[in-house]
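Visitor: The structure follows.
What follows is calculated from the coordinates using simple rules that are stated; it is not laboratory data. Since this is a predicted model, take the numbers as computed values, not measurements. Neighbour counts run over all protein chains shown; Cβ positions are idealised from the backbone, glycine included.
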Amino acid sequence: MIKRILVALDPDADTPVATRFAIRLAKRFDAEVTGLTVVDVGNLNSMIGVGGYGTEHAAREIWVEMTGETQKVAQDLLDSFKKAVDKEGLRNRVLRQQGASAEVIIEEMKYHDLLVLGRDSRFFYSEPDRDTRTLAKVVKGGVAPTLVVTEEYREIENIMIAFDGSSASARSLKSFVHLLPYGKDIEIDLVNVADGESSEAMDKSATVLNKAETYLKTHNFNYITKTVLEKGEPGLRILDRQLMKNPDLLLMGAHSVSAVKRAAFGSTTHYMITSTMGPLFLSP
């Protein structure tokens with residue numbers, strides 16, 4: 001059950017969508033919503049650098065100017081968030097923190113049931129296009145499930161679950177089942193990408209899906225279809241399926257079993273986060 005939702009606020013266009021997703025869930029569960037901004041001091045420090053007295057004086061002036069700018073952006077984000085949740089009559093609180101963005105968010109995740117944030121979140125308010133890799137670090141090091149949203153809001157009525165039988169995919173599946181964010185009457189498209197073209201490989205994938213289906217049905221999810229996708233790059237296969245079926249939500253493990261890693265994600269997850277057209281549900 002969801003009783004506390006954390007929304008990480010960033011100037012990107014997907015942040016209002018994240019707030020809207022959080023509001024929808026909070027109304028369903030009578031949950032409290034927390035809006036969090038982070039003035040990423042770590043990135044400010046790295047930009048200023050160290051030099052002699054003259055450069056130190058100039059750096060101090062830059063520091064004051066940049067922190068003042070980021071504080072204003074942070075306050076504007078909190079004001080917009082609070083206005084949106086107050087309008088819906090929801091219990092809420094706002095937090096304005098300083099520090100390394102990923103570390104601050106991970107700390108707050110310890111005391112919330114779900115994190116909601118935008119796919120393009122970077123949390124370097126004075127340079128919104130600067131990549132801080134915050135999302136990858138948060139999903140890897142966090143202790144709560146994460147709902148990653150794009151710029152499109154959707155009511156969740158059907159989902160696709162990319163399930164490969166790995167511990168990562170099992171954790172995401174179990175987190176979704178236990179939180180029950182969208183009820184049990186949703187339609188589920190359960191898919192697995194075969195690791196070969198032989199009948200043995202196809203049977204192995206079918207067995208994995210059968211086990212996942214049994215688990216879901218034990219928890220009273222009954223509207224389930226199963227599909228074994230032909231061998232190929234998992235990210236491409238899953239994205240092709242997503243484009244064809246257009247699910248409202250994609251659920252997958254945060255780490256791929258692939259030996260190839262990108263940033264803190266497995267290669268498949270990295271591909272889906274950068275390419276997906278809809279929200280993703282991930283669990284560490």
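Visitor: What is the gain in length, in nm to one decimal, between R93 and V143 on full extension, counting 0.36 nm per residue of separation less the C-alpha to C-alpha distance?
Guide: Taking R93 through V143 to full extension adds about 15.9 nm, to one decimal.
Visitor: Continuing with the same structure: Quick one: Cα centre-to-centre distance for segment 133-189 and segment 68-91, in angstrom?
Guide: Rounded to whole Å, the Cα centres lie 26 Å apart.
Visitor: Also: Quickly rank 213-222, 97-106, 147-156, 176-185 as a protection proxy: mean count of other C-beta atoms within 10 Å, highest first.
Guide: Final packing ranking: 97-106, 147-156, 176-185, 213-222.
Visitor: List, in the order given, every pair from K184/K226; K174/K211; K140/K226; K204/K226; K137/K245; K27/K82 whose Cα-Cα distance in the structure shown is over 19 Å.
Guide: The pairs that break the limit, which is 19 Å between Cα atoms, are K140/K226; K137/K245.
Visitor: If R₀ is 51 angstrom, what is the calculated FRET efficiency for the pair E233 and K184, using the beta carbon separation as r and rounding to 0.05?
Guide: About 0.95, to the nearest 0.05.
Visitor: Pop a pseudo-label 7 angstrom from the Cα along the beta-carbon direction at both D195 and K27 and give the gap in nm to one decimal.
Guide: 4.4 nm
Visitor: Further question: So between K83 and N210, what do we pick up on full extension, going 0.36 nm a residue minus the alpha carbon distance?
Guide: 41.1 nm
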